[in-house]
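**Student:** Once you've had a glance at the structure underneath, I'll fire off some questions.
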Amino acid sequence: MQPQRLLVACVALVVLVAGCTGTLVEVRSAPATIAESALSPVGYVHGNTTEVPLTYPVGVGPVTRDVTVYVWVSGYSRTVETDVDTDVAVLLVVSSPNHQVEGQSVNPFAQLSNRELVDQLLDLVVEAGAAAGTNVTDVADLRESGVQERTVLGQSTEVTTYTATVRYAPVTDVGTATATDSEGTAPTGGGATEPVFVHLMAVEHGEDVVFALGVHGESMDEAATMADLMEAIEHDAIVADD
């Protein structure tokens with residue numbers, strides 16, 4: 001799969017530097033989170049914060065070694081009940097190692113386009129179970145629609161907003177119907193599709209890269225609120241030893 005090949009390319013140099021001992025190479029990040037004092041005034045709640053290992057076999061000559069990159073995923077959400085539906089806004093904060101080895105970053109997301117980055121961050125959330133309302137299986141038609149300049153972790157950075165279409169996994173609970181689209185028909189492949197806004201931010205901090213990804217439907221106006229929460233991200237920077 002293409003993302004895995006990209007990840008292997010990012011970490012291959014680490015394996016080479018590790019030498020011929022066959023030792024498992026591990027690189028960790030520090031968690032990035034948002035304090036309750038910033039969440040509660042705007043109605044967001046913390047799902048959980050989970051460390052997710054990404055392990056890949058990499059062949060060096062005749063020997064295959066494993067490299068494990070640990071990333072932290074924190075999930076936050078706001079739910080709004082209406083007369084006809086339930087609207088959910090989800091904000092994800094991900095910290096990934098950006099350790100430099102011989103001038104090369106082991107950040108597993110370094111080579112990804114914004115579209116691929118959105119897909120991979122959502123996949124991480126599925127694996128971590130970090131927030132409610134994140135049963136997204138596909139993101140399509142990602143198109144930039146605006147940029148906000150914000151200060152995150154003491155650095156000026158851009159929060160980019162995209163329009164997109166997402167596909168949600170069908171409901172599989174016993175006694176519950178499969179989700180349908182606006183025409184009342186389950187789309188090809190199962191699950192409902194919905195136009196959404198996606199807000200994406202990335203900033204280097206210490207030896208990590210901190211990403212934030214916000215997703216919500218068109219009926220919610222969360223762009224400013226999510227950008228405010230991104231400005232409230234806290235992260236204990238890890239500084240590499242010389």
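**Student:** Looking only at the stretch 100-118, filter to residues that are closer than 24 Å to Ile34 by Cα and surrounded by fewer than 18 Cβ atoms within 10 Å (Cβ to Cβ); which one of those is modelled with the lowest pLDDT?
**Tutor:** Checked the stretch 100-118; the qualifying residue modelled with the lowest pLDDT is Ala110.
**Student:** If you don't mind, there's one more thing I want to ask. For the stretch 138-160: of the residues being acidic (Asp, Glu) and surrounded by 11 or more Cβ atoms within 10 Å (Cβ to Cβ), which is farthest from Val94 (Cα to Cα)?
**Tutor:** Within the stretch 138-160, the match that is farthest from Val94 (Cα to Cα) is Asp141.
**Student:** Tally the residues that are without any contact (Cβ under 8 Å) to a residue 12 or more places away in the chain and among the polar types (S, T, N, Q), restricting the search to the stretch 149-169.
**Tutor:** 1
**Student:** To continue, here is another question. Take Leu121 and tell me if it is modelled with pLDDT of 70 or more, surrounded by 15 or more Cβ atoms within 10 Å (Cβ to Cβ) and assigned to a helix (DSSP H, G or I).
**Tutor:** Against the criterion (modelled with pLDDT of 70 or more, surrounded by 15 or more Cβ atoms within 10 Å (Cβ to Cβ) and assigned to a helix (DSSP H, G or I)), Leu121 qualifies.
**Student:** Among Ala131, Ala164, Ala179, which is in contact with a helix residue (DSSP H, G or I) (Cβ under 8 Å, 6 or more places away or on another chain), surrounded by 18 or more Cβ atoms within 10 Å (Cβ to Cβ), modelled with pLDDT under 70 and not acidic (Asp, Glu)?
**Tutor:** Checking each option against the conditions leaves just Ala131.
**Student:** Working carefully through the options Val159, Val126, Val136, find the one that is touching a helix residue (DSSP H, G or I) at 6+ places or on another chain (Cβ under 8 Å) and at pLDDT below 75.
**Tutor:** On inspection, the qualifying residue turns out to be Val136.
**Student:** Next question, about the same structure. Can you tell me which residue is surrounded by the fewest Cβ atoms within 10 Å (Cβ to Cβ) among those in the stretch 202-235 that are charged (D, E, K, R) and assigned to a strand (DSSP E or B)?
**Tutor:** Glu234
The values are calculated or read from the model by the stated rules, or taken from the named source; none is laboratory data. Computed from a predicted structure; not experimentally measured. Quick reminder, even Gly has a Cβ in these numbers, built from the backbone with ideal geometry, and neighbours come from all protein chains shown.
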